[in-house]
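The values are calculated or read from the model by the stated rules, or taken from the named source; none is laboratory data. As the structure is a prediction and not an experimental result, all values here were calculated from the model. Cβ: placed from backbone, ideal geometry, glycine included. Neighbour counts: every protein chain shown.
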Amino acid sequence: MLFVILLAGLGAMVLQSLAFKLGCVTGLDLASHCRVLLHDRPRYTRLIRFGVLYPLYALSEVAIVSTDLAELLGSAIGLCLVFPSIPLWAAVLITASDVLIFLVIGDPSRGHGRPVKLFEYAVMALVAAVFICFIVLLARVGPDWGQTFLGFIPSKGLFQTQPDALYTAVGILGATVMPHALFLGSYLATQDRVAPAPVLPVPVFAEPEGLTHKVRAWFKSLFAVSRAERIAASRKYRDKYGRQNNELAFVRAHLSHGLVDVIVSLLAVAVPINSAILVIASAVFFKDGSSAPAMPAGLFDAHDLIKRHIGAGTFLHSAAFIFALALLCAGQTASITATLAGQIVSEGFIEWRVSPFLRRIITRLIGLIPSMVVAIAVGRSGIDTLLVASQVVLAIVLPFVAAPLILLTSSKSVMSVRRGDAQPAENFAANELPVESQTLSIPPAADPVAVGLPPEADPGPVDEDEKQAAVVIEKAEQGSHDTVEDASVAGDSYISFANHWSVTSISAVIFLVILAANVYAIVMLALGKGG
């Protein structure tokens, strides 16, 4: 199984790197690209839309719900182990509400700067806590390191042991190369991390506002969609003009160090943590040369065994408490990222234009309802089976998400960026090279009518973000009616960031391996020999 973890980590490294490159070069996340690619095809439009795009969106939502379900239950179990008096259903509610409170405080989907950094720093802190906890546990277990490293060598024993060994391996694959992480990674790659934050003018109020008014305005903003957000999410902008790639300077400033971050975080953090979990489980379950347990052991069983074998010391320093704390932090980390990924998926695929906060509530409830049902009706028994099954679902969905990612990043027409000295082209057809986004600065006192907004649509003062978003659309609409005279810039004036043929080949092999493992696991389940 250690070989499976290593293989899954390498696959995750490749796919996550492709997702980051897609968002960094094009300025659009993977979900939005799927809509641009499939929503308005020139031939068989409705067939592709209803036969490919919407089923792909449904599978992506299934992956989000499966991730949310697993991480809610895992985090709730960790909370129950830290505080044994809390029932499982109450721990699920506490976990869900805690994620929503965090996302209100730091919303990385609204603008750049502090919310994005706060979100990332919080995730980094939780991952670091998980890493430290499992390193401490690994030191206390004291495994046979020679045999441990032999586990990273592939063995035919994976197919010759218990019938559900490959089923579990597919679950490990889904837990490592998670579909929601590809959507989230491509979205975070679109963020500008080097440009200074815009200086906003100090608002001038006719009279001081009271605390009640401020609280009411803040609460209202959680469920409101601003004018700039509606403009940026409009179908015309996203489908027709959203393909304009980032500038070359932006790509060069972000791409290299972003890819290094992805590779290092996966190989130096994710793979060691997953390996440590498996090594600790093996060392505890087979302590003193004992045979394998008669029944599949779960998280509660692992906690009890750790407490029994290596749990010496005070409560705060016991190995069992460290295990519970690591489980809680791991579940909380994945819950936060899965909730945001659900928002990104719905915005990209179907342009679900409600407030981000309300959308996250709906996304959370979709995962919360089955979690509560399982926690109340089933309890501890059967939860571990549900956890593994949810990860297998992720592995089954993964090829459907990886296919458009590989296709898009291998396309020169999608992954090309205009050189800085090239003359801009006002308009390109859907199958030609994309152009970079163009925005114009507007003086603060500009009239809304002057930026292309109808007078009746103007509710009052327009802030800078709204003006800039409006000008993007106005510029694109003006260019859409012009004659393309300089389309010849598609030659040396563009730099392609498309995959090298070797990267495309490796990605295709990873895709086929995942697909073959899924087919094998499904066949074994159908024959009653897995799970």
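The C-beta contact set for the stretch 35-62 (first residue farther than 15 Å from GLU351 by Cα, second residue β-branched (Val, Ile, Thr), distance under 8 angstrom, 6+ apart or interchain) comprises ARG41/ILE48; LEU59/VAL397; LEU59/VAL401; VAL62/VAL393; VAL62/VAL397. Considering each residue of the stretch 275-285 in turn, at least one proves to be assigned to a helix (DSSP H, G or I), hydroxyl-bearing (Ser, Thr, Tyr), modelled with pLDDT of 70 or more and buried (at least 17 other Cβ atoms within 10 Å of the Cβ).
Among the residues examined, SER60 does not qualify as hydroxyl-bearing (Ser, Thr, Tyr) and touching a Ser or Thr at 6+ places or on another chain (Cβ under 6 Å).
A residue that is buried (at least 24 other Cβ atoms within 10 Å of the Cβ) and either at negative phi or not basic (Lys, Arg) (or both) occurs nowhere in the stretch 40-57. The set of residues from the stretch 315-349 being in contact with a Gly (Cβ under 6 Å, 6 or more places away or on another chain) and either assigned to a helix (DSSP H, G or I) or buried (at least 23 other Cβ atoms within 10 Å of the Cβ) (or both) comprises ALA319, ALA320, ALA324, LEU327, LEU328, GLY331.
All told, LEU18 falls short of being closer than 30 Å to VAL271 by Cβ, among the hydrophobic types (A, V, I, L, M, F, W, C) and not in a helix (DSSP H, G or I).
Residues satisfying the criterion are absent from the stretch 71-85 (criterion: in the same structural domain as PRO370 (by TED's automatic domain parsing), buried (at least 18 other Cβ atoms within 10 Å of the Cβ), at pLDDT 80 or above and of a type in the set (Phe, Trp, Tyr)).
Can you go through THR45, THR95 and tell me which one is hydroxyl-bearing (Ser, Thr, Tyr) and closer than 22 Å to PHE323 by Cβ? Result: THR95 is the single residue among THR45, THR95 that is hydroxyl-bearing (Ser, Thr, Tyr) and closer than 22 Å to PHE323 by Cβ. In the stretch 121-151, which residues are within 17 Å of PHE321 (Cβ to Cβ) and β-branched (Val, Ile, Thr)? Within the stretch 121-151, VAL130, ILE132, ILE135, VAL136, VAL141 qualify.
For the residues ILE369, ILE350, ILE322, the requirement of being within 19 Å of the chain's Cα centre (by Cα), in the same structural domain as LEU93 (by TED's automatic domain parsing) and modelled with pLDDT of 75 or more singles out ILE350. I'd like the full set of residues that are at pLDDT 75 or above and not in a loop (DSSP other than H, G, I, E, B), limited to the stretch 150-162. If the condition is that a residue be at pLDDT 75 or above and not in a loop (DSSP other than H, G, I, E, B), then LEU150 is the only one that fits. Reported count of residues in the stretch 42-58, each being over 29 Å from the mean Cα position of the chain (by Cα) and not basic (Lys, Arg), is 2. Selection of the stretch 399-415 for residues being surrounded by 22 or more Cβ atoms within 10 Å (Cβ to Cβ) and at pLDDT below 90 yields VAL414, MET415.
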